[in-house]
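What follows is a short report on a single structure.
Values quoted throughout were computed directly from the atomic coordinates according to the rules given, and no laboratory measurement underlies them. Note that the structure is a prediction, hence the values are computed from the model and not measured. Note that each Cβ is placed from the backbone with ideal geometry, even for glycine, and that neighbours are counted across all protein chains shown.
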Amino acid sequence: MRREEFLGRLRSRPAGSHLPSEQTAPDLPSPPGDILSAFREMAAKAGCRVALGSFPELRRTLMEEVGQGSVLRGGEEPVLALSADLAAVPVEEPFAADWGVALADGALARTGSMCFVRRPASPLTATLVPPRIAVLVPTSRIVWDLADYLVDPPEGGSLAIVSGPSRSADIENDLSIGVHGPGDVLVLVWDDGDGVG
Amino acid sequence: MEAQELAGRVAAAVANRGLHEAVARSVDRHSYAALAALSPELRTLYKARARAARLRSVRDLADLAEQFIAEAERHGIVVHTAADAAEAVAIVAEIAKRHGARRIVKSKSMATEEVELNRHLAAEGMQVLETDLGEYIVQLAGQKPSHIVAPCLHMARDEIAGLFSREAGREIAKDTPSLTAFARERLREEFRQADLGISGGNFLVASEGAVVLVTNEGNGRMCTTLPKVHVALVGVEKLVRSFQDMADALRILPVAATGQLITSYVSIVRGPAKEGEEGPREVHVVLMDAGRSEILGGPYEEVLACIRCGACLDICPVYRQTGGHAYGSVYSGPIGAVLTPLLRPDREAQALPFLSSLCGACSDVCPVGIHLHEHLVALRARAVARGVTFASEHTAFRALRRAWTPPRRYRLVRGLMRGALRLGGGVPQLRAWTAGRRLPPVATGRVGELLRREGLIEERR
Ligand code: SF4
C-alpha cells in the first residue's frame, strides 16, 4: 500500500475518541543515593558475577579468568589495555572466541544492566556471540534507569542493553542459562575516579 | 451449532488433564513471579506511567507513524507500509528474493505468526528457522505457539526430547541442559550461515526511528546482528512517541510477563551498520495495518495499547483449562478473545469472547489497564447482534421463555425446580457445571413474598 494511503487510513479515524482524556502520569520516586551499590547488587541479582577494583586489579582478574582462552574484543583504549596480554580473535570471526571483552557505554543501577552502542571500534557481537563475556563498567557511567541513559541518546548505531546471562524457561518453565547468548557474564566495575553520577 | 469446531477444541482441551497441569505450572510461576517483583506502590505507579505512554501512542498514531518513517529513513532504514497480511508477506518475500536468501533465521514475533509468514516463505522455497527455543520446539512439532510469551508451555519435556532426538538422528537426553545444548549447537550453525534475519518488534520509537526488541535468549540479537539483511515486521500499533515513553512501557512489560525487572536483552535497532562496523548492511521495517486502523477511533481502540505481556493469559481461569490452541487464533486468552474478533471477520472469531468467565482478573492484572472484561461483554453483544450464538444457548432460552411466559406455568415450573433442588438432584443439563460445586440450600421463603411483605411490589391479584 502506498505510504500516503496507509497514513491516510490512520488519519481518517477519530483516534482517541473512545479513550479517557490525557492525564499526567505520576512522577517516579527519586533514585537511591548510592547507585554504585545498587548497580552491583542488581547486576548480581540478574545473574552476573561482579568484581570491583582498580584497573590493574581488574586486569589481573580478567587474566586469571581467561587464561589461555581467546577473546573477541572492542577496540576502545581501556579494553585493549585490559586485555593486552590475551589472545585476540579477529572481529570477523566472533564464533572462534572463548570470551568477549567490552566496555559499557552506560550502566543502569535499577536493573543491573549494561549498555552497548555499535560503533566502528565497538562490535555488538563481542557481548553476544562468545559463551562468556567480561564487561568493563566505569563507575562514572552508571545511571539509575534506562530512561536516564536515553535522555540524551548516545551517538552511534544500534544499541544493546544486557542484563545478566542469556536465559530461557521454555522447557517446562525450568530455567536454563546460555541458550544463544553468553552463559557467563563477568562485570568488572572500574572505579575510574570521576565519582558516580 | 455455530462455531462447532471451536466448541470441539474447547471440549477436547478441557478433557486433557496433562494439558491443565502443564499450563498451570507455567502460568502460576509467571503470575507469582510478577506479583513478587515489585511493591504494590511501585506496581501502581509503573502501570499508570505505562498506560499513559501507550494511550498517548493510540491517540497520536497517525502522526507517530509519519514521524517514525521520516526518522527511520534518516538513519538508513527502509520503511515499507502494508495494508494487510497478504501485502506484508509479499513485501518480506520480495526482499528475501532480491537477496537470493535461502536460509532465514527468525526471532519470535506474533505479527509474523498472524500473517503466517513462515508458510508463505516456505512455499517460495526458502527455509525459515525459528530460533527462540520455544518457537523452535513448536516449529519442529508442526504446531503453533500456545502462549504469546511462552510458545511451548503446553508441552512436556518427553515430547520435546522426542522431537530433538528425531531432528538429531540420535537420542537426546530429557534433562533441560541437554535439550538446551542441542538447540544451541543446532541453531548456532544457522546463525552463522543465514542470509536474512526476520524479527518482530516490541516498540517502534517514533522520535528516533528505532525498533526495540525485548528478549531473553539472545536469538533476537543474533537475528538482528549477524545476517547481512534484517527485516522487522511490526504492527503499526507498536509505535511509541519517544525513548522516554518506551522506557515507561518497558519498566512494566517484563515484570508483567515473567516477573523480571528487565529481560536479559533489549535491542534498539537504529539502522544498518556503517562503514567499518559489523552488523546488517540493510535494515527494513514493514509497518503493518492488517485491521489496526479499523480498531482505531472505535469503541475497542484501547486494545491497541496492549504490550503483549501475556499476563492476562496467565491469570485467566479459562485459559488455564483450555491452553492456547483451543482458541484457534495466534492471540489466545483474554486479549486473544478481544483482539481476534476485531482482526478476523469469521464467525468462529466472533464467538471467542464467550471463552471467558468475566471474572475481571485480566483487567486487574493488565499492566496498561485495558478493560478487557468490558470489551468481552461488548463483543458478546456484538456477536449476538451478528447472529453468532450457540445452539445449546438458544434451546435453553427458548425453553425458559416457554416455561415462564404465562404466570401460572412459571409458578408451576418454579415449584418443580425447588422440589428438584431440595432433593439434591440439581438440573441434569447443568451437571457438567454443577459437578464439584456445592449449591447453597434452597431458601424457605420466596423473594416475591418478601418484596410484597415489605410493600415493595404490589399484592398479586
Ligand atoms: S491485554 Fe494487557 S495483560 Fe493482556 S497481553 Fe495485553 S498488555 Fe498484557
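Select from A:SER21, A:VAL71, A:LEU52 the residue farthest towards the positive end of the dipole of region A:19-108; place +1 on Cβ of Lys and Arg, -1 on Cβ of Asp and Glu, and compute about the Cα centre.
A:LEU52
When the expected Rg is taken as 2.2 N^0.38 Å, what fraction or multiple of it is the alpha-carbon Rg of the protein assembly as shown?
1.06
Kirkwood hydrodynamic radius, chain A, all distinct C-alpha pairs: what's the number in Å?
18.6 Å
Which whole-percent values make up P(r) of region B:1-48 when all C-alpha to C-alpha distances are grouped in 10 Å steps starting at zero?
22, 26, 23, 22, 7
Please identify the cysteines of chain B that lack any partner cysteine with a Cβ under 4.7 Å from their own Cβ.
For chain B, the answer is B:CYS152, B:CYS223, B:CYS306, B:CYS309, B:CYS316, B:CYS359, B:CYS366, because their Cβ atoms have no other cysteine Cβ under 4.7 Å.
Along the Cα-to-C-beta direction of B:GLU159, a point sits 7 Å from the Cα; which residues of region B:19-36 have their amide N less than 19 Å from that point?
B:19-30
HN-Hα J couplings of region B:277-290 from phi, Karplus 6.51/-1.76/1.60, θ = phi - 60°, integer Hz, Gly and Pro as x?
So the Karplus estimates, Gly and Pro as x, are 10, 7, x, x, 7, 10, 10, 10, 10, 9, 7, 10, 8, 6 Hz.
What share of the DSSP beta bridges in the protein assembly as shown is antiparallel, in percent to the nearest 5?
Antiparallel bridges: around 30 percent, rounded to the nearest 5.
So what are the ³J(HN,Hα) numbers for region A:82-88, from phi and the Karplus equation (6.51, -1.76, 1.60; θ = phi - 60°), rounded to whole Hz, Gly and Pro as x?
Along region A:82-88, the couplings run 5, 10, 3, 8, 9, 7, 9 Hz.
If the only charges are +1 at each Lys and Arg Cβ and -1 at each Asp and Glu Cβ, what is the size of the charge dipole of region B:50-294 around the Cα centre, to the nearest 20 debye?
Value, rounded to 20: 440 debye.
Taking H placed 1.01 Å from N in the peptide plane, check which residues at least 5 places from A:LEU52 or on another chain put their amide H under 5 Å from its amide H.
A:VAL189
Go through region B:131-186 and name the GluC sites (Glu not before Pro) that are in a DSSP coil and have 12 or fewer other Cβ atoms within 10 Å of their Cβ.
B:GLU171
Give the long-range amide H neighbours of B:ALA232: residues separated by 5 or more places, or on another chain, with amide H under 5 Å away, using H modelled in the peptide plane at 1.01 Å from N.
Here the answer is B:SER199, B:HIS284, B:VAL285, B:VAL286, since their amide H atoms fall under 5 Å of that of B:ALA232.
Give the residue from B:CYS312, B:ALA90, B:SER392 lying farthest towards the positive end of the charge dipole for chain B; charges sit on Cβ (+1 for Lys and Arg, -1 for Asp and Glu) and the dipole is referred to the Cα centre.
Toward the positive end, the furthest listed residue is B:SER392.
Which ³J(HN,Hα) values, rounded to whole Hz and listed in residue order, are derived for region B:70-81 from phi using the Karplus coefficients 6.51, -1.76 and 1.60 in 6.51 cos²θ - 1.76 cosθ + 1.60 with θ = phi - 60°, glycine and proline given as x?
4, 5, 4, 5, 4, 8, x, 7, 8, 9, 10, 10
Note down the magnitude of the dipole of region B:77-129 about its Cα centre, charges +1 on Lys and Arg C-beta and -1 on Asp and Glu C-beta and zero elsewhere, to the nearest 20 debye.
Approximately 380 debye in magnitude.
Evaluate the distance, in nm, between pseudo-label points positioned 7 Å from the Cα of A:GLU155 and of B:LEU421 along their respective Cα→Cβ axes.
7.7 nm
What shape does region B:39-183 take by its C-alpha gyration tensor, where a ≥ b ≥ c are the square roots of the eigenvalues and a/c under 1.5 counts as rounded, a/b above b/c as prolate, and the rest as oblate?
oblate
Quick check: convex hull of the Cα atoms in region B:104-227, volume per residue, rounded to a whole Å³?
Once divided by residue count, the hull of region B:104-227 is 113 Å³.
Please list, or write none, the aspartates and glutamates whose alpha carbon is within less than 14 Å of the alpha carbon of B:LYS174, excluding same-chain residues fewer than 8 places away.
Hits, sequence-local ones excluded: A:ASP170, A:GLU172, A:ASP174, B:ASP158, B:GLU159.
If I fit a long axis through the Cα atoms of helix B:391-404 and take the longest principal axis of the Cα atoms of chain B, what angle between them do I get, 0 to 90°, rounded to 10?
Taking the Cα atoms of chain B, the angle to B:391-404 is about 20 degrees.
Tell me, what is the percent relative contact order of region B:59-150, built from C-alpha pairs under 8 Å that lie six or more residues apart?
21 percent
Obtain the radius of gyration and the Kirkwood radius of region B:50-294 from its C-alpha atoms and give Rg over Rh.
Expressed as Rg/Rh, it is 0.96.
Is it possible to state the helix-based mean residue ellipticity at 222 nm for chain B, with each DSSP H run of 4+ residues giving -39500 (n - 2.57), the sum divided by total residues, to the nearest 500 deg cm²/dmol? What is it?
Result for chain B, helices only: -15500 deg cm²/dmol.
Could you give the distance between the Cα centres of region B:7-26 and region B:84-150, to the whole Å?
If you average the Cα positions of each part, the centres end up 27 Å apart.
Suppose every K and R has +1 on its Cβ and every D and E has -1 on its Cβ; what is the size of the dipole of the protein assembly as shown about the Cα centre, in Debye to the nearest 20?
Approximately 4100 debye in magnitude.
Can you tell me the FRET efficiency between B:ARG411 and B:THR44 if r is taken as the Cβ-Cβ distance and R0 is 51 Å, rounded to the nearest 0.05?
Step by step, r from the Cβ atoms, then E = 0.50.
Across every pair of different alpha-carbon atoms, what Kirkwood hydrodynamic radius in Å does chain B reach?
About 24.4 Å for chain B.
Along the charge dipole of the protein assembly as shown, which of A:TYR149, B:GLY298, A:VAL91 sits closest to the positive end, that is, farthest toward it, with unit charges on the beta carbon of Lys, Arg, Asp and Glu (+1, +1, -1, -1)?
Highest projection toward the positive end goes to B:GLY298.
Return the lysines within reach of B:LYS97: Cα separation strictly under 24 angstrom, same-chain partners fewer than 8 residues apart disregarded; answer none if there are no such residues.
Qualifying lysines at Cα under 24 Å: B:LYS106, B:LYS108, B:LYS228, B:LYS274.
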